[in-house]
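Q: The structure that follows is given in the form of structure tokens.
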Amino acid sequence: AAAGAAASPAAGSTPETTEVADPSVLPQNVVDVDKLPIDIRARYQQELVLLTRAKKRLVASIERIRQERANPPPLPPQSRRAVVMYLDKSSNPSYKEQLNWWLYSWKMSRLNDSDFDVVIFAHPEAQGNLPAECTKVPANPMQTLDMDPKLPGRCLYEELIGINHREQGYDGYLNSMECLYNPVAEFLLRYKLLMRCDTDTFPTPRTITWRPERLYVAAMPFGYSFAGTVIRAKVKEAAATFGVKHNGWHDLASSWFGPSRDVMHAAELTTNIALYLKYYMFGSTSQCKLPVSLRDPSIKCEWGSYLWEGVTLLYSQELALNALWTQEDYDRNKDLGWMMDSGTTNFEVTICDVGHLHVYHNGELFSKLAFHAHKYDQMDLQALDVTRIPDYAAFMALHANGRGAHWEAPLQRVGGDLKDLCSMHRALPHIPRFRILNARGLCLSAVGDDSTNTLRFAPCAAAKREQLFHFIGLGLRQSLGRCLRHVAYRGPRTQLLGLEFCNIMGSFHYEDQAWDILPDGRLVHFTSRTCLIPPPADGDSAALVTTKACDNSPALFFRFRDEEQDPSTFGGGGGSSNGGGGGSSRGRGGGGGGG
């Protein structure tokens, strides 16, 4: 467990005067040094020494781990599971807010009723951001920490000054890796399973029964290595320089779950590889660090085109996992699918399909950017469906931090808590997804960009599935997470659409006239309280503002078709306040007869 901890001299510190560079250890981009400016030449000479030192540490770490995996030393008795996170010192409140929502999700999912602990390694100056319920790891935890599997989950913390505060050269994101194998973390070997993740994530009830036999890491469908570019070749080239075969396993996500020793090995390798790549791949002579006049003109220093220093951690863990996994490990991992690091905008699966969510840099619900900017603070939570991933993330984050209103209803709909939800996963109620049809029977096909906000309609067979909508309270939510705000008519196939955050959903407007959306789907004029009626098939724009007295038969402007029902079946006829005729059995704000 102590391997890879502070050595003398520190791997990333300024070179000692007696140290020399290994002439065979060179950075990835070899240039004509004599043509470099004096200041870059000086940094280059220093980096050669640091690169030599980092490689020695990395090669020693690889060899020790290989020997340990070939002849495993005895482990202490193991039980229980734990998530391990690092909390750095910072005045930024987002870290505390994210930790709040993690612990709240842990409790609401009833993971805390199981053998699942939360272990936080915290910088001494970060203790003020720790929740009061977290207690310090006892002294001599290898002997004193109670590991009875029947105990409920605990929140534990241990003080640790992260490696980037102790040694030069290590970036701050490596603190969450090094804390897994630092000597003070030796007690983690007493856990059977460890989860490694950042605080901008959520556990789900699916994790209650999940106990992976091998180290699990999700393969990312979007990724960072961009097939077809030079990036993958450069990463493979790096692996060969320190004796690791890259097996072609790219685009691996950043959260892990598996046997404790495997997680600790992966963390140690990732940390040491990251330091090596800092000088090998991203030193002063790397293409995108050089002055523009000295760069290869064929290289574009842009995201998706060339190596990107901001994802060094992902390159490093990819190389570590290629070193540790067998083909069987990788195949079994793929078979599990997207169990961790699922994005928080995904409407296509439920919280019982994945064990862990990760908030990326998206703008749609749920967005950590919008959350930390306080754009969700006044959100009405009563219409959220906590079985859906975006709603679950929004509910947990907001309620954990005392934001939003009317939080009781979402929990009441699932029986008060989520403990047994996923054990009844196959009996979960149908989650309706709807096509939107205009009065001429054409389906919503696409939503334009933010500059045009154009709503396009097409024959339903050709309409894109990405534009399925969901009922949220009295409004409609687009699959990408935004809500319908207002519509203006611009011809038979094109209409203007306003999409905004769902918490500001209200009436919509047509030519300075306001309309309310009733629970049964009728569109009611804000002042006259008369209902909008559909235009005739050959009508023009004037017909769209025709109204009549509201009665028991809803007037239809848009119709909604449940995509998971018979495609020939359309909603219509009389609707009720619990949903229109022909809609889903759940009756959340409207069904097939919605307006």
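The values are calculated or read from the model by the stated rules, or taken from the named source; none is laboratory data. On a predicted model such as this, the values are computed, not experimentally measured, just so you know. Methodologically, a virtual Cβ is constructed for each residue, glycine included, from the backbone with ideal geometry; neighbour enumeration extends over all protein chains shown. Protein only, heavy atoms only, side chains kept; ligands, DNA and RNA dropped before computing areas. Shrake-Rupley method; radii C 1.70, N 1.55, O 1.52, S 1.80 Å.
Q: Please list, ordered by first then second residue, the pairs with beta carbon atoms under 6 Å, 6 or more apart or interchain, first in segment 208-229 and closer than 23 Å to TRP106 by Cα, second part of a loop (DSSP other than H, G, I, E, B).
A: Hits for this filter: ILE208/SER114; TRP210/GLY355; ALA218/TRP338; ALA218/MET340; ALA218/ASP341.
Q: Just give me the residues in segment 89-116 being out of contact with any Pro (no Cβ under 9 Å at 6 or more places or on another chain) and either among the aliphatic types (A, V, I, L, M) or surrounded by fewer than 23 Cβ atoms within 10 Å (Cβ to Cβ) (or both), in sequence order.
A: Within segment 89-116, SER90, SER91, ASN92, PRO93, SER94, TYR95, GLU97, TYR104, LYS107 qualify.
Q: Please enumerate the residues belonging to segment 400-409 that are under 23 Å from THR199 (Cβ atoms) and either among the charged types (D, E, K, R) or touching a Leu at 6+ places or on another chain (Cβ under 8 Å) (or both).
A: ALA400, ARG403, GLY404, TRP407
This table checks each residue for (1) within 17 Å of GLN78 (Cα to Cα); (2) aromatic (Phe, Trp, Tyr); (3) at pLDDT below 95.
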site: PRO131; (1), (2), (3): no, no, yes
site: MET142; (1), (2), (3): yes, no, no
site: ILE163; (1), (2), (3): no, no, no
site: MET177; (1), (2), (3): no, no, no
site: PRO183; (1), (2), (3): no, no, no
site: LEU194; (1), (2), (3): yes, no, no
site: THR201; (1), (2), (3): no, no, no
site: PRO205; (1), (2), (3): no, no, yes
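Q: Say we look at segment 18-51 and pick out the residues that are charged (D, E, K, R) and free of Cβ contacts under 8 Å to residues at least 24 places away in the same chain; which of these is surrounded by the most Cβ atoms within 10 Å (Cβ to Cβ)?
A: My answer is ARG41.
Q: Cβ-Cβ below 6 Å, separation at least six or inter-chain, first residue in segment 355-374 and under 19 Å from ALA253 (Cα atoms), second open to solvent by 50 Å² or more (accessible area, probe 1.4 Å): which pairs?
A: GLY355/ARG206
Residue by residue, here is whether (1) buried (at least 20 other Cβ atoms within 10 Å of the Cβ); (2) of a type in the set (Ser, Thr, Tyr); (3) under 19 Å from LEU277 (Cα atoms); (4) touching a Lys or Arg at 6+ places or on another chain (Cβ under 9 Å) holds:
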position: VAL184; (1), (2), (3), (4): no, no, no, no
position: LEU188; (1), (2), (3), (4): yes, no, no, no
position: ASP198; (1), (2), (3), (4): no, no, no, no
position: PHE202; (1), (2), (3), (4): yes, no, no, no
position: ILE208; (1), (2), (3), (4): yes, no, no, yes
position: GLU213; (1), (2), (3), (4): no, no, no, yes
position: ARG232; (1), (2), (3), (4): no, no, yes, no
position: VAL235; (1), (2), (3), (4): yes, no, yes, no
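Q: Among all residue pairs at least 6 apart or on different chains, which show Cβ distances below 6 Å where the first residue, located in segment 121-141, is among the β-branched types (Val, Ile, Thr) and the second is open to solvent by 20 Å² or more (accessible area, probe 1.4 Å) and not in a loop (DSSP other than H, G, I, E, B)?
A: Close Cβ pairs satisfying both conditions: VAL137/GLU158.
Q: OK, next. Restricting to segment 59-88, what's the tally of residues that are in a strand (DSSP E or B) and open to solvent by 10 Å² or more (accessible area, probe 1.4 Å)?
A: Here the count works out to 2.
Q: Taking only pairs six or more apart or across chains, which ones have beta-carbon atoms under 6 Å, a first residue in segment 383-399 that is modelled with pLDDT of 90 or more, and a second residue that is small (Gly, Ala, Ser) and in a loop (DSSP other than H, G, I, E, B)?
A: PRO390/GLY481; LEU398/GLY404
Q: If I ask for residues that are over 12 Å from the mean Cα position of the chain (by Cα), outside any loop (DSSP other than H, G, I, E, B) and under 25 Å from ARG196 (Cα atoms), which ones from segment 371-391 would you list?
A: Matches in segment 371-391: PHE371, HIS372, ARG388, ASP391.
Q: Moving on. For segment 359-395, give me each residue that is touching a strand residue (DSSP E or B) at 6+ places or on another chain (Cβ under 8 Å), open to solvent by 10 Å² or more (accessible area, probe 1.4 Å) and within 16 Å of ASP200 (Cα to Cα).
A: Matches in segment 359-395: TYR360, ASN362.
Q: I'd like to know if segment 222-229 contains one or more residues that are within 22 Å of THR326 (Cα to Cα), open to solvent by less than 60 Å² (accessible area, probe 1.4 Å), touching a helix residue (DSSP H, G or I) at 6+ places or on another chain (Cβ under 7 Å) and at pLDDT below 95.
A: yes
Q: May I ask you to list the residues in segment 139-176 that are open to solvent by 50 Å² or more (accessible area, probe 1.4 Å), among the hydrophobic types (A, V, I, L, M, F, W, C) and under 28 Å from the mean Cα position of the chain (by Cα)?
A: Answer for segment 139-176, where residues must be open to solvent by 50 Å² or more (accessible area, probe 1.4 Å), among the hydrophobic types (A, V, I, L, M, F, W, C) and under 28 Å from the mean Cα position of the chain (by Cα): just ILE161.
Q: Give segment 108-135 a look and list any residue that's part of a loop (DSSP other than H, G, I, E, B) and of a type in the set (Gly, Ala, Ser), or say none.
A: SER109, SER114, ALA132
Q: Which residue pairs have Cβ atoms under 7 Å apart, sit 6 or more places apart or on different chains, and have a first residue in segment 82-98 that is among the charged types (D, E, K, R) and a second that is open to solvent by 70 Å² or more (accessible area, probe 1.4 Å)?
A: LYS89/GLU125
Q: Being hydrophobic (A, V, I, L, M, F, W, C), open to solvent by 30 Å² or more (accessible area, probe 1.4 Å) and under 21 Å from GLU97 (Cβ atoms) is the filter here; which residues of segment 401-416 pass it?
A: ALA405, TRP407
Q: Taking only segment 342-357 into account, find how many residues are open to solvent by less than 10 Å² (accessible area, probe 1.4 Å), not aliphatic (A, V, I, L, M) and not in a loop (DSSP other than H, G, I, E, B).
A: The total comes to 2.
Q: Okay, next question. Go through segment 58-86 and report how many residues are in contact with a Phe, Trp or Tyr (Cβ under 8 Å, 6 or more places away or on another chain) and at pLDDT below 95.
A: The total comes to 2.
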